[in-house]
Amino acid sequence: MNWVAAHSIDRKGIALATPQNSRCPGGPDNALMTRGSLCLDLSLDEARPSGDLLLLERTTKDPEGWPLLLRVKRNRGRGITLTLCQPGCELEHRIIADTSLSNESDAARLIYSWDSLLRWGRLALMTGSGGNIATVDISSPPPLRAQDAKTLLSLLPATAEVCGLRAVSLNSDIMPLTPLAGLIPETKIATPDGATSLGQLRRGDLVLTPEGDAVPVLHRIDRRVPAIGHDAPMRLRAPFFGLTEDLLLAPQQRLVISGTDVDYLFGRPDVRLTAEMLQGTAVAAPTTVALHGRPDRPCPLIELTQLILPRHQRFIAAGTAVESLYLGRLRRKRSAYEVSALSHLDRNTLPEHAMDPAPLLRSFDAAVLAERRIA
């Protein structure tokens, strides 16, 4: 994958772009991107208002001389509308997130992919931990100019942040929907033979669950992505929550916490929380990551990894229990499977997962639990 540009809301309007070939923003401003993927990391909290997430509009009177309307709009509820108009081409497509598990997470990832030469395009939306994917096919999408891509990422509409946009990035290839959860490959994982780096585990290797069972790894899913939005890494400090060393992970990675205080506070033997819920507590520390990149590629990238286990079991990472990758019934949904980061795997080797039975805490409850552990 060739990441060519990224823009994070947290970076106060700084757009990072990498020089690429003539199809990409690093080439001439009038060059055409005939294929690519636009990726948006979002929060689909239904309390947020509707409004524009991305907007680029030019009329025939514009000195650029290329009329264009490209809008990605957040609708009320959990819907997104893509509008793309050029002379001789008018497209408008709406995609709605699955609301059956909307209480699990508001985090979402939207990808608009196009290949103008093949007259093919697709809008895909993933919500929650990765098992819920909606897709819409697009016929004959037009190409984008390199200058349009630059402008789209550098000048966000005033409503973008309040409507839930976390980050936006651009790739020169057709990009699959990657999971929101993940750990860095150097994370130490408990196995029957001792601690092993997550990045060294292979299909068939055994990992230990919190109950002491040894379960086989079905697949390891790796991704190298811009370190922004839902992929901006967090650091959780040891020794809180049983950590034997600091843990670097994606904000949407879920931990499973147990103990007498959990039973006392929530009436359950264990509970789940996402790492993002711990931001603002003493458990989370500022992240200083050696981001992968070169001087001619200033867009910061990070490698994140997750495991697929047979029954969505938990495994032990750096001394604490974490969730493995949740698939739900992804293998039964051909369109969702084909746009996911698992499409290169044989569907017959993918398991079907039930949700983890432990309740997912609200952000306030997670912060209360963290403060009790710190005290």
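Key figures
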read-out	value
Number of positions in the stretch 1-28 that are under 24 Å from PRO157 (Cβ atoms) and modelled with pLDDT of 60 or more	9
Matching entry among ASP193, ASP173 (being free of Cβ contacts under 8 Å to residues at least 24 places away in the same chain and not basic (Lys, Arg))	ASP193
Test: ASP52 is assigned by TED's automatic domain parsing to the domain that holds ARG109, at pLDDT 85 or above, under 30 Å from LEU118 (Cα atoms) and among the acidic types (Asp, Glu)	yes
Subset tally (residues that are buried (at least 18 other Cβ atoms within 10 Å of the Cβ) and either in contact with a Pro (Cβ under 7 Å, 6 or more places away or on another chain) or not assigned by TED's automatic domain parsing to the domain that holds PRO233 (or both)) for the stretch 192-204	1
Tally, over the stretch 56-85, of residues that are buried (at least 19 other Cβ atoms within 10 Å of the Cβ) and farther than 22 Å from SER140 by Cβ	2
In the stretch 116-175, residue surrounded by the fewest Cβ atoms within 10 Å (Cβ to Cβ) [restricted to those that are under 30 Å from ARG311 (Cβ atoms) and not hydrophobic (A, V, I, L, M, F, W, C)]	THR135
Selection from the stretch 253-285 of residues that are closer than 20 Å to ALA375 by Cβ and either among the β-branched types (Val, Ile, Thr) or not assigned by TED's automatic domain parsing to the domain that holds PRO239 (or both)	ILE257, THR260, VAL262, VAL271, THR281, VAL283
Only one of ALA160, ALA149, ALA97 that is modelled with pLDDT of 85 or more and among the small types (Gly, Ala, Ser)	ALA160
Selection count where residues are farther than 14 Å from GLY182 by Cα and aliphatic (A, V, I, L, M), scope the stretch 223-244	2
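Conditions (1) charged (D, E, K, R); (2) farther than 18 Å from LEU180 by Cα; (3) buried (at least 16 other Cβ atoms within 10 Å of the Cβ), marked per residue:
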| position | (1), (2), (3) |
| --- | --- |
| ARG311 | yes, yes, no |
| ARG314 | yes, no, yes |
| LEU325 | no, no, yes |
| ARG329 | yes, no, no |
| ARG334 | yes, yes, no |
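The values are calculated or read from the model by the stated rules, or taken from the named source; none is laboratory data. Small disclaimer: the values here were computed from a predicted structure and weren't measured. Counting neighbours? That spans all protein chains shown, and the Cβs are built from the backbone with ideal geometry, glycine included.
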